[in-house]
Structure formats: C-alpha cells, structure tokens
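Structure, as structure tokens:
The values are calculated or read from the model by the stated rules, or taken from the named source; none is laboratory data. All values reported here derive from a predicted model rather than from experimental measurement. We place every Cβ from the backbone using ideal geometry, glycine too, and count neighbours over all the protein chains shown. These accessible areas exclude ligands, DNA and RNA; they are computed on the full protein's heavy atoms, side chains included. Shrake-Rupley method; radii C 1.70, N 1.55, O 1.52, S 1.80 Å.
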Amino acid sequence: MNFELNENQKMITQMVRDFAEKEIKPNMKKWDDEEIFPIETMKKMGELGLLGIYLPEEYGGSGFSYLEYSTALMELGKVCGGIGLSVAAHNSLCTGHIYYHGNEEQKKKYLPKLASGEFIGAWGLTEPNTGSDAMRMKTVAKKDGNHWVINGAKNWITHGLSGDVAVVLVRTGDLLDSNGITAFIIEKGTPGFSAVKIGDKFGVRASETAELIFDNVRVHESQVIGEVGQGFKQAMQILDGGRISIAALSCGVARGAYESAVKYSKEREQFGQPISNFQAIAFKLADMATEVEAAELLTFQAADLKNRKQNLTKQGAFAKYFASEVAVKCGNEAMQIMGGYGYTKEYPAEKFLRDARLMTIGEGTSEIQKVVISREILK
Ligand SMILES: Cc1cc2nc3c(=O)[nH]c(=O)nc-3n(C[C@H](O)[C@H](O)[C@H](O)COP(=O)(O)OP(=O)(O)OC[C@H]3O[C@@H](n4cnc5c(N)ncnc54)[C@H](O)[C@@H]3O)c2cc1C
C-alpha cells in the first residue's frame with residue numbers, strides 16, 4: 001500500500017487549484033446568489049481534460065484512473081460544491097453509462113463530445129414520485145416498429161435543461177421487474193423532450209437541476225444502451241461508481257470547511273488570544289482533521305477497487321456515507337467556529353454547509369447507503 005499521491009494526482013491538484021483560483025473563485029458568489037450554471041466554465045474544464053478524465057484517449061479522454069478523478073473532485077469541492085457536482089454528474093453518470101454499457105458506435109458518437117465539453121451530459125433515474133425506490137418508476141417506453149415512444153417525467157436531473165444529451169432510465173416491462181427497465185440516449189431537441197429548471201435550491205446552486213418531460217418522445221432503437229431490460233442493473237453499477245465521485249466531492253467540501261476554520265481560528269481573538277488556543281475550538285479542529293483524513297482514505301480505497309475492476313458496492317457506500325456526513329459536520333463546525341461571522345455569506349462556512357447538505361441526499365441518501373452496507377455485511 002502506498003498512501004502518497006501519485007505524480008498525476010499531484011499535477012491534477014495543482015492544475016485544478018490554478019483553474020479554480022482564476023475561473024471559479026472570482027465568480028462563484030454571483031453563481032451561487034443568482035443560481036447561474038456557468039456553462040462556459042464547464043466547457044473550459046472540458047478543454048483541460050476534466051470532463052472525460054477517466055475515459056481512454058481513444059474516446060477523447062484524459063486516460064487517468066479513478067484516483068486522479070477523485071483528486072480532481074476533492075480539489076473542486078474545496079472551492080465550489082456546485083461546480084464539483086456538475087463535473088461529477090457529467091463524468092460518472094451520463095458519460096460513465098455510455099462508456100461502461102454503450103456499444104462501440106454509441107461510444108464513438110458521444111464520448112469524444114462529452115470529453116471535450118462540446119456536449120454536457122445529464123442522467124435521469126429519479127422521478128417526482130420515485131427517488132430511493134427507483135424500481136417503481138412510471139416513465140414508460142412502448143415499442144413502435146424500430147422506435148420506442150417514451151412518456152413520463154424525471155425529476156432533480158443535473159444539467160437537465162442545458163445538457164446536450166441525456167441517458168434516461170425508462171420502464172419497458174412490468175412494475176417492480178428488475179429486468180423491466182431500459183436505458184436510452186436522448187439528444188436535446190428530440191420532439192416531445194423538454195425540461196424545466198428547478199430553482200431556489202438550498203445549496204449546489206451553481207449546478208443546474210431540472211425536471212425532464214417526455215411527451216410521446218420517439219427514440220430509434222439504436223439509442224438503447226446495452227440490452228432492453230438491463231437498464232436497472234446498469235444503473236446500479238453506475239451508482240456504485242457515482243458514489244466514489246460524491247464521496248470525493250464531500251471530502252473536498254469537508255476539507256475546504258476545515259481549512260477555512262483553521263485560518264479563522266488563528267486570526268480571531270477573544271479574551272486576548274486567538275480562539276484556536278481554546279481547547280474547545282482546537283478539539284473541534286482535531287475531530288474535523290481526523291475525519292476528513294479518514295473520509296479521503298475510504299474514498300481512495302473505493303477508487304482503487306474501481307480501478308482494479310473489483311466489486312465496490314460496500315466500500316463505495318462506506319465512502320459516500322461517511323464522507324458526506326463528515327462534510328456536513330465540517331460545514332456545521334466551521335460555522336460554529338466562525339460565530340456570528342460564520343452565519344453570514346461574507347464568510348465561507350455557510351456555503352460549505354449548504355453544499356455539503358446535498359452530499360447526504362444525492363445519488364442515494366445516507367439512509368440508503370446504510371441499507372446497502374447492512375445488506376452487504378449481513379449477506
Ligand atoms: C441537487 C440535486 C441533484 C440531483 N441530480 C440527480 C441526477 O442528476 N439524476 C438523478 O436521477 N437524480 C438526481 N437527484 C435525485 C437524488 O438522487 C434523489 O433526491 C435521492 O435519491 C433521494 O430521492 P428522493 O429525493 O425522492 O427522496 P425519498 O426517496 O423520497 O426519501 C425521503 C427520505 O426517506 C428516506 N428513505 C427512503 N427510503 C428509505 C428506506 N428504504 N429506508 C430508510 N429510509 C428511507 C430517505 O433516506 C430520505 O431521508 C438529484 C437531487 C438533487 C437534490
């Protein structure tokens with residue numbers, strides 16, 4: 001075991017840090033206040049290779065592994081959880097689904113565009129009435145010659161409005177049949193396919209979220225990913241990988257909150273001394289430092305399993321559950337350490353806390369991670 005960052009991880013850390021300093025930090029308050037999804041910034045990240053980071057070079061990707069991918073998300077999370085979420089959803093969900101389950105023609109058609117940022121990708125599993133219980137989805141596709149006709153709606157879809165292409169999970173069989181769901185690739189502009197932005201989010205406000213509506217959307221059978229009926233199994237595998245990305249992002253948010261709290265506690269004086277001198281504050285920092293480090297180790301462990309094509313259902317859930325809860329705790333403690341100032345938008349703690357709150361909900365809530373973990377350990 002080697003716990004050092006590899007050379008590529010070090011290079012990516014510096015690259016993302018430089019990019020964030022120049023392109024994200026100066027604008028993120030405006031994006032957060034006004035709920036702007038900065039699509040041009042996303043495209044610039046495509047130019048840097050961050051939108052196809054683990055794709056092989058033959059598909060226009062950067063050819064890195066999940067270790068480098070996790071590192072990039074950790075760095076983004078330290079700056080803006082919203083931008084990090086968009087990069088995670090684009091890479092792990094839409095791009096990942098086509099890469100891991102698509103045929104060669106689909107990969108050649110979509111992956112280079114997704115990797116370069118020419119296309120922004122969305123992925124739709126959740127519906128207005130089915131989140132954790134995705135198997136009961138109501139969006140249906142009926143076969144009509146060599147086309148499928150899709151009707152229904154998907155909710156909470158990252159880049160649902162601005163995305164150029166979406167992978168969507170749709171019922172093609174009976175309710176509750178795990179072989180009754182199919183994944184389709186749908187391009188923006190397909191007649192009957194529309195989206196409505198969901199506004200007023202608590203956090204990750206720079207990441208666009210939307211409802212997708214399907215009104216007799218005709219999709220050619222060549223847009224089916226893998227076999228008809230295999231979509232649910234594919235989605236569960238995609239979520240295993242996706243959990244690594246949310247874990248990594250959570251580590252970044254947690255570390256960002258922790259570092260801002262350390263800085264503040266050394267500068268802020270009360271009773272004639274820096275508040276970091278008070279054990280009550282120093283112990284909070286000690287807890288945060290320990291838990292961030294543990295979250296990073298769990299995340300890299302899951303990333304390593306993914307790289308080695310091992311089953312990572314349990315370790316991915318460990319990482320996602322633990323890291324996301326640590327992110328919320330660190331955001332909360334950073335706010336406490338900053339006192340009244342921490343309660344304002346002038347100081348970073350409140351944004352870290354708001355962004356962190358999504359991490360325990362998206363791509364499977366903490367409760368669902370515990371369902372997954374307990375199922376695995378009690379097998
Ligand atoms: C900003 C944002 C971006 C998102 N992006 C996407 C995306 O790109 N694509 C996509 O498909 N989805 C996306 N989602 C949806 C997200 O994955 C769901 O919100 C999440 O899976 C939870 O589903 P739900 O909101 O319907 O909550 P519910 O499933 O209704 O859960 C409500 C509560 O009940 C608990 N609960 C449910 N079932 C159980 C159980 N069996 N045992 C114990 N507790 C349980 C949950 O833990 C939760 O606390 C996004 C959501 C947000 C907020």
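Quickly run through region 187-200 and pick out the residues that are part of a loop (DSSP other than H, G, I, E, B) and closer than 23 Å to T95 by Cβ.
K188, G189, T190, I198, listed by residue number.
Return yes or no: is T290 free of Cβ contacts under 8 Å to residues at least 12 places away in the same chain, outside any helix (DSSP H, G or I) and β-branched (V, I, T)?
So T290 does not fit the description; no.
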The correct count of residues that are surrounded by fewer than 22 Cβ atoms within 10 Å (Cβ to Cβ) and closer than 14 Å to E363 by Cα in region 300-317 is 1
Name every residue in region 338-353 that is open to solvent by 10 Å² or more (accessible area, probe 1.4 Å) and of a type in the set (A, V, I, L, M), in order of residue number. L353
Being in contact with a helix residue (DSSP H, G or I) (Cβ under 9 Å, 6 or more places away or on another chain), open to solvent by 10 Å² or more (accessible area, probe 1.4 Å) and not hydrophobic (A, V, I, L, M, F, W, C) narrows it down to one of H147, H159, so name that one. H147
Filter result (surrounded by fewer than 17 Cβ atoms within 10 Å (Cβ to Cβ) and within 14 Å of the ligand (Cβ to nearest atom)) within region 202-221: F202
Cross-chain or 6+ apart pairs with Cβ under 6 Å, region 198-224 first and more than 22 Å from E40 (Cα to Cα), then part of a loop (DSSP other than H, G, I, E, B): L212/G160; D215/G192; N216/G192; V217/T190; V217/G192; E221/N146
Any chance I244 is surrounded by fewer than 24 Cβ atoms within 10 Å (Cβ to Cβ) and either β-branched (V, I, T) or assigned by TED's automatic domain parsing to the domain that holds N307 (or both): no
Residues Y66, Y59, Y99, Y54: which one is open to solvent by 30 Å² or more (accessible area, probe 1.4 Å), among the aromatic types (F, W, Y) and more than 14 Å from H159 (Cβ to Cβ)? Y99
Tell me which residues, restricted to region 1-24, are among the aromatic types (F, W, Y) and either part of a helix (DSSP H, G or I) or at pLDDT 95 or above (or both). F19
For the list (1) buried (at least 22 other Cβ atoms within 10 Å of the Cβ); (2) closer than 22 Å to M1 by Cα, I need the number of the one condition that A356 fails. (2)
If we take region 315-379, then helices (runs of 4 or more DSSP H) inside it with 1 or more residues that are within 16 Å of the ligand (Cβ to nearest atom) are 349-359, 366-377
Just checking, does region 25-38 include any residue being of a type in the set (V, I, T), open to solvent by 50 Å² or more (accessible area, probe 1.4 Å) and either outside the structural domain of K197 (by TED's automatic domain parsing) or assigned to a helix (DSSP H, G or I) (or both)? yes
